[in-house]
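The values are calculated or read from the model by the stated rules, or taken from the named source; none is laboratory data. The model shown is predicted, which means the values in this text are computed figures rather than measured ones. Cβ sites come from the backbone with ideal geometry, for glycine too, and all protein chains shown count toward neighbours.
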Amino acid sequence: MPRFEVMHGNQAIAEGAIAAGCRFYAGYPITPSTEIAEILSDRLPEVDGVFVQMEDEIASMAAIIGASLGGTKSATATSGPGFSLMQENLGFAIGSEIPCVVINVQRVGPSTGLPTKAAQGDVMQARWGTHGDHPIIALSPGSVQDCFDLTVKAFEFSEKYRTPVIVLADAMVSALEERIAVPCAGELAVYERPRPTGSPQDYLPFAFTRGGVAPLAPFGEGYRYHVTGLLHDERGYPTEDSALASRWWDHMHSKIDDNLDDILLYEERHLEDAEVALIAYGGTAMAADRAVSLAREQGIRLGLLKLQTIWPFPEARVRALARACRRIIVPELNFGQLRAEIERVAAGATLVEGINKADGTQITPGEILEVVRRKTGPEA
Amino acid sequence: MNLQTSLIIRDYLRPAMLPTTWCPGCGLGIIMSSIAQAIHYQGLRKDDVAMISGIGCTGRMSGYMDFNSIHTTHGRAPAFATGLKMARPDMHVFVIMGDGDAMSIGGNHLLSAMRRNIDVTAIVVNNSIYGLTGGQTSPTTPRDSKTATARHRTFERAMELEVLARAAGAPFFARATVNHTASLTKLVERAMQISGFALIEVISNCHVLYGRMNDTPEAATMIAQMDVQTWRSTPALQKRAERAVRMTAAGAASVEPETVDGFEGMSSDQRKDRGVIIENKGSVGFSRRYHSLLEELRNDRRSGGE
């Protein structure tokens, strides 16, 4: 039986990390994510884990990669300005396939912006923030329960696919208090990093497997290998061979693309007969969910696709939805970052429009309902 | 005592990664050899050693050596090393940086790692120039030098690593050159005894870029200059060591050893130690401190459970 506890989103993220086996955290204080660091500085030593407050977010990202290579599940948490600084070493972790979890509690940007106010403006930064093409996984919690559950999932995906996973939270869910179910010890299936079993001589730490990854040996256990940000061969040695580079890309893309059934997480509500569908994620999905209830009370056939995985983008599901309903409305606390992706996938099959702002206030169920009524009413 | 080069290559390097990208006459090979020898003489298992480097000519060193190695991003090696050391407190972690890597783009990480006193042995190879990118001004380029980005001359003061180490409280700082290999090996071994951030600055030569632009295009000439300049930083001459040793701009080659007084009469023991500028043997590193907290908590939990 899980136990039920009231906690806020940042606490749920911290507890989710501990439950998932995170035993190393490095970070730098930044609103509105700081509670995650404060809680973990207390909790990690209690479970034999390490907390280090680093000199900045560049170093925080570097430190979690180092710890992960030591065989420890590792995480950092930040907000927009810090996430910008992490992009360099985030790219290193992507390219050298080092598992780690990066939590970004979004606030209004650009720059220092509105530090205490929620936004969802880092959707595209989570996708393309570091230079060069690259696969990435980003999960967006839409409730305090999601903060716990998706943090656990983030560690699972990062270990399974040897990639950084971004938990793209926002100041709506992170500051919200809710009653959530916390699994008791032994109830949670924790994904442990697979270890190589063959001889060190034959070990290929960066094998160009299609659709999968080589087990990552912890440093110090007999499998000595080299890790570099340079494009490398299967041993990790730098190479400029274009044939190898092309095989590397195939591996990098396919390890995500061939596993979408596992990676893509979303929830659906009343989509079976919906004329109008909302697509929402993060804190905005809570307002969208309420708007669906209000609409149904009024006889409006409104449904919700709540995305938990936003990268990779759930193209097939969104495409099917675009063909099935007359209109898609996308409420976001930005000016249409995910909507552009939905429009691309819908490719004209349905009308796609947004409800957008980034002024520090939240999108309310009433605002969403008003737009829906306007679009579905007699004059629409 | 020197290990044969063939033995170092066989036992401590990765043959598949060779030859190196370094120019003929570069001091980096000498430094790599000294580090391998120090590890050999200290009797460490290769599995227990990590070599973490940044970007630049020096950054390539970690890949050539057969340890657990990370060729990280520019300037960030101390931060990667911090994470690894905390996760694997029993490993001996080396951090290898160049002068631009350590003192320009990585300045904050270096300062913070020293202040935090994370338990690593750090080597900063100072050749006064950005080598890999083609001879641009570095934070240790002496004033009035010519570089690829200062075709007329440089105007900035060269940064002194020793002063940074003092300010940040590093428990060990030594300076060596590629002209004193036996001494360098000894210094690395001595740094490895320290619990905490032990730093060695190694003066090296980039005759190909710095030298060619500043009238010392021969490796031998540049290395000969070091013989003169290093004496200024011996313990015996510490009072004179107010300024960091550096490759001076044009004209330094004309300095003759005889013009530097005080070296005569130094015993061989003193010579071995020369270069040690800060040494706090009582230092307790961050990792050791943190892991003793974890042990206390483990003991508390055990006794609480009884």
Only one of B:ARG166, B:ARG175, B:ARG190 is touching a residue at least 40 places away in the same chain (Cβ under 8 Å), of a type in the set (D, E, K, R) and crowded, with 24+ Cβ neighbours inside 10 Å. Can you tell me which?
B:ARG175
Can you confirm whether the range A:128-145 contains a residue that is part of a helix (DSSP H, G or I) and crowded, with 21+ Cβ neighbours inside 10 Å?
yes
So A:GLY211 ticks every box in (1) in contact (Cβ under 8 Å) with a residue 24 or more places away in the chain; (2) within 14 Å of another protein chain (Cβ to nearest Cβ) but one. Which box is left unticked?
(2)
Go over the candidates B:THR20, B:THR58 one by one and state the one that is surrounded by 24 or more Cβ atoms within 10 Å (Cβ to Cβ) and hydroxyl-bearing (Ser, Thr, Tyr).
B:THR58
Of all residues making up the range A:146-187, the number that are over 21 Å from A:GLY21 (Cα atoms), among the acidic types (Asp, Glu) and buried (at least 19 other Cβ atoms within 10 Å of the Cβ):
1
Residue within the range A:308-324 that is over 30 Å from A:PRO205 (Cβ atoms), at pLDDT 95 or above, of a type in the set (S, T, N, Q) and in contact with a Pro (Cβ under 6 Å, 6 or more places away or on another chain) present
no
Here are some residues: A:ILE13, A:ILE64, A:ILE18, A:ILE39. Which one is aliphatic (A, V, I, L, M) and within 14 Å of another protein chain (Cβ to nearest Cβ)?
A:ILE64
Can you name the number of the only condition in (1) within 19 Å of A:THR34 (Cα to Cα); (2) in a helix (DSSP H, G or I); (3) within 14 Å of chain B (Cβ to nearest Cβ) that A:PRO81 fails?
(3)
Residue tally, condition part of a loop (DSSP other than H, G, I, E, B), more than 11 Å from B:SER104 (Cβ to Cβ) and either among the hydrophobic types (A, V, I, L, M, F, W, C) or under 20 Å from the mean Cα position of the chain (by Cα) (or both), over the range B:136-152:
2
The one condition B:HIS40 fails out of (1) in contact with a Gly (Cβ under 7 Å, 6 or more places away or on another chain); (2) assigned to a helix (DSSP H, G or I) is (1)
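One line per residue, one yes/no per condition, for (1) part of a helix (DSSP H, G or I); (2) closer than 30 Å to A:PHE51 by Cα; (3) modelled with pLDDT under 50; (4) among the β-branched types (Val, Ile, Thr):
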{"position": "B:GLN238", "(1), (2), (3), (4)": "yes, no, yes, no"}
{"position": "B:PHE263", "(1), (2), (3), (4)": "no, no, yes, no"}
{"position": "B:VAL284", "(1), (2), (3), (4)": "no, yes, no, yes"}
{"position": "B:HIS291", "(1), (2), (3), (4)": "yes, yes, no, no"}
{"position": "B:LEU294", "(1), (2), (3), (4)": "yes, yes, no, no"}
{"position": "B:ASN299", "(1), (2), (3), (4)": "yes, yes, no, no"}
Restricting the search to the range A:270-299, which residues are polar (S, T, N, Q) and crowded, with 24+ Cβ neighbours inside 10 Å?
A:THR284
Which of the numbered conditions does A:MET124 fail, given that it passes all the others? Conditions: (1) out of contact with any strand residue (DSSP E or B) (no Cβ under 6 Å at 6 or more places or on another chain); (2) surrounded by 24 or more Cβ atoms within 10 Å (Cβ to Cβ).
(2)
When you look at B:ILE123, is it buried (at least 24 other Cβ atoms within 10 Å of the Cβ), within 13 Å of another protein chain (Cβ to nearest Cβ), touching a strand residue (DSSP E or B) at 6+ places or on another chain (Cβ under 8 Å) and not in a helix (DSSP H, G or I), yes or no?
no
If you go through the range A:1-54, how many residues are touching a helix residue (DSSP H, G or I) at 6+ places or on another chain (Cβ under 8 Å) and in a strand (DSSP E or B)?
10
Hey, does the range B:100-114 have a residue that's facing another protein chain (nearest Cβ under 7 Å), buried (at least 24 other Cβ atoms within 10 Å of the Cβ) and among the hydrophobic types (A, V, I, L, M, F, W, C)?
no
Going by the structure shown, is A:TYR223 touching a Phe, Trp or Tyr at 6+ places or on another chain (Cβ under 7 Å), hydroxyl-bearing (Ser, Thr, Tyr) and surrounded by 15 or more Cβ atoms within 10 Å (Cβ to Cβ)?
yes
Taking only the range B:73-93 into account, find how many residues are surrounded by 24 or more Cβ atoms within 10 Å (Cβ to Cβ), outside any helix (DSSP H, G or I) and more than 7 Å from chain A (Cβ to nearest Cβ).
2
If the requirement is being over 19 Å from A:PHE219 (Cα atoms) and either at the interface with another protein chain (Cβ under 8 Å from one of its Cβ atoms) or crowded, with 24+ Cβ neighbours inside 10 Å (or both), which of these qualifies: A:VAL47, A:VAL52?
A:VAL52
Can you name the residue in the range B:23-45 that is surrounded by fewer than 16 Cβ atoms within 10 Å (Cβ to Cβ) and within 14 Å of chain A (Cβ to nearest Cβ) and, of all such residues, is farthest from B:SER128 (Cα to Cα)?
B:ARG45
